[in-house]
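See below for the structure under consideration.
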Amino acid sequence: DAKTTQPNSMESNEEEPVHLPCNHSTISGTDYIHWYRQLPSQGPEYVIHGLTSNVNNRMASLAIAEDRKSSTLILHRATLRDAAVYYCILKGSYIPTFGRGTSLIVHP
Amino acid sequence: GAVVSQHPSWVICKSGTSVKIECRSLDFQATTMFWYRQFPKQSLMLMATSNEGSKATYEQGVEKDKFLINHASLTLSTLTVTSAHPEDSSFYICSARAITVGGIPYEQYFGPGTRLTVT
């Protein structure tokens, strides 16, 4: 079973920020939170990961709730190339599973 | 960054034939490789996990005699779909976990996928 819950889809306009939520209420203390995205007909691509603190990289930011039961992937300025399915996955000493993810639609 | 390749990128075969898909880690050694299957508009479903030199561990409901996985080296894993049927038509994606010291914990690098169509 996937251990995360995400909205099925979200929409955004180009150049606007996008906040993609993920709930993981059963997260354990040693689980990492990873985000991947998958463009059509391609394999998933790593976006960002975190454990407890908020993280920034060139692709996105990851905001992790203080109780770690939820997190938010932030795309600061959405572009048309950001249209993809975004997966939030917990990783630990077990085989990670993919949920349905959030399909992000970006309008020009 | 780490690169995983798959070959072929797409294949069409006739029902009853077998198809082999290769997955290679190009610039790193992979202790573990994962094989996923993805049907249209669905998420990735894990089929099996393989460690180099060991037998693959198959997920419940995946026929090990139909989907043969060989992880012969730290850079190559193959998935053979035997006696393929139209219902096996899907997008097959491999993923590799690297032997790393430091770096991203539990990082997985994904291949570009192989589109299999069985006619």
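A few comments on the model shown:
- One residue stands out in the range A:97-108 among those that are within 12 Å of chain B (Cβ to nearest Cβ) and out of contact with any Pro (no Cβ under 6 Å at 6 or more places or on another chain): the one that is farthest from A:THR26 (Cα to Cα), namely A:SER103.
- Members of the range B:49-74 that are of a type outside the set (D, E, K, R) and either assigned to a loop (DSSP other than H, G, I, E, B) or touching a residue at least 24 places away in the same chain (Cβ under 8 Å) (or both): B:SER50, B:GLY53, B:SER54, B:ALA56, B:GLN60, B:GLY61, B:VAL62, B:PHE67, B:ILE69, B:HIS71, B:LEU74
- Test result for A:ARG68, facing another protein chain (nearest Cβ under 9 Å) and of a type outside the set (Gly, Ala, Ser): no
- Among the criteria (1) surrounded by 15 or more Cβ atoms within 10 Å (Cβ to Cβ); (2) among the hydroxyl-bearing types (Ser, Thr, Tyr); (3) farther than 20 Å from A:ILE95 by Cα, the one B:TYR58 does not fulfil is (3).
- Near pairs, Cβ below 8 angstrom, 6+ apart or cross-chain, from the range B:16-42 (away from every other protein chain (no Cβ under 13 Å) and under 17 Å from B:TYR58 (Cα atoms)) to any residue that is surrounded by fewer than 18 Cβ atoms within 10 Å (Cβ to Cβ) and among the small types (Gly, Ala, Ser): none
- Selection count, the range A:97-108, where residues are closer than 13 Å to B:LEU44 by Cα, surrounded by fewer than 21 Cβ atoms within 10 Å (Cβ to Cβ) and either out of contact with any strand residue (DSSP E or B) (no Cβ under 9 Å at 6 or more places or on another chain) or not β-branched (Val, Ile, Thr) (or both): 2
- Counted residues, the range A:73-96 - those being buried (at least 17 other Cβ atoms within 10 Å of the Cβ) and more than 10 Å from chain B (Cβ to nearest Cβ): 8
Quick note: the coordinates plus some simple rules give every number you see, no bench work behind them. Quick caveat, the model's predicted, so the values are computed rather than measured. Neighbour counts run over all protein chains shown; Cβ positions are idealised from the backbone, glycine included.
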